[in-house]
1. Order the following by accessible area, largest value first: 223, 71. Probe radius 1.4 Å; ligands, DNA and RNA are ignored.
2. Leaving ligands, DNA and RNA out of it, work out the accessible area of residue 82 with a 1.4 Å probe and give it in Å² to the nearest 10.
3. Quick one: how many Å² of residue 65 are accessible to a 1.4 Å probe, rounded to 10?
4. Round to a whole number: what % of the accessible area of segment 86-161 belongs to carbon and sulfur, probe 1.4 Å?
5. Order the following by accessible area, largest value first: 44, 219, 33. Probe radius 1.4 Å; ligands, DNA and RNA are ignored.
6. Under 1.5 on a/c is rounded, so check that first for segment 104-168, then, if it is not, pick prolate when a/b is larger than b/c and oblate when it is not; a ≥ b ≥ c are the square roots of the alpha carbon gyration tensor eigenvalues.
7. Students sometimes get this wrong: rank 164, 60, 132, 50 by accessible area, probe 1.4 Å, all chains present, largest first.
8. Can you flag which of 35/74; 61/129; 141/180; 43/180; 80/180 are past 24 Å Cα-Cα?
Amino acid sequence: MGGAVSAGENNDELVDNLCYEGYIVTPKVEAVFRKIDRADYMKFDSDEDRVDAYDDRALRKGSLHLSAPCIYTKALEALKLEPGHSFLNVGSGTGYFSTLVGILIGPYGVNHGIELYPENVEFAYMKLKEFRECCWYDPMKFCQPYFVQGNGLLLSPANRQYDRIYCGAAVPQEHAYLLKNLLNIDGILVMPTEQQLEAVTRIGQLEWNVAVVMPSVTFAPLITPSSESPADKLTTIEICKMFVTIVCKSTIIVKLGQLYRQQIYTICASH
């Protein structure tokens, strides 16, 4: 899926084209796509090949995958993210989309990613480290994503629900109910299913509204749990324990930042 907009020579030109074609609508979504260079989240054989990242098409290198920019922009617009939202990325891959989300939901949000392949989790954390070394990075304006290895279909709503969920693989209808139940009331799930990208809004315990975000999309299928897969040996409880641990760490970081800012304010006010 892709090719909906003209290719650019760099990230800003790509974003310009996405805005011109109407894939990016809101200023805040435009701003985050300009901040994060798509080419930084893929492996290339040479520096000259980085320009491929500015085409409106999917990229793949081994198990690493980036969907076409038009997909990500439409998904991010449809999620309607706000500061403080809790977010789950099923198939978090390179960490690119989760990093975009982290800027939008801010330091008081929750930003979780679950990824089947351990090498992708390692890559995502490497890219997160590089992002945090940017000169303009501010931990008090960013919700750090946390990634775990596992299968998203093993998560249970009994342990955790989210305000917003994105799934980057085609969801069979028989498994869509599992992801929809991970939503809080009024939550939004964006997922590809039956060859279209849908936004599902939970309006009650057993009620959902469905809107088509993009018709005629192609995604690799979501891999269903298997006893033969090492990633699927993690139980729901084990996955949730990992998330609880990293949420505690995130909370401590935010609280320390608040105390630091309060101390700076007190010192300045006393002079």
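1. Numbers: 223 80, 71 0 Å².
Greatest to least solvent exposure: 223, 71.
2. For residue 82, solvent-accessible area is about 90 Å².
3. Estimated to the nearest 10 Å², residue 65 gives 60 Å².
4. Details: 1480 of 2740 Å².
Looking at segment 86-161 in its full context, I get 54 percent from C and S.
5. Details: 44 55, 219 35, 33 5 Å².
These residues rank, largest area first, as 44, 219, 33.
6. Working: a/c = 3.02, a/b = 1.36, b/c = 2.23.
Oblate, because a/c is 1.5 or more while a/b does not exceed b/c.
7. Ranking 164, 60, 132, 50 by accessible area, largest first, yields 60, 132, 50, 164.
8. Numbers: 35/74 17 Å; 61/129 21 Å; 141/180 29 Å; 43/180 33 Å; 80/180 17 Å.
Pairs exceeding the cut-off: 141/180; 43/180.
The values are calculated or read from the model by the stated rules, or taken from the named source; none is laboratory data. No experiment lies behind these values; they were computed from the predicted model shown. When the accessible area is computed, the model is the full protein with side chains, heavy atoms only, and any ligands, DNA or RNA have been set aside. Shrake-Rupley method; radii C 1.70, N 1.55, O 1.52, S 1.80 Å.
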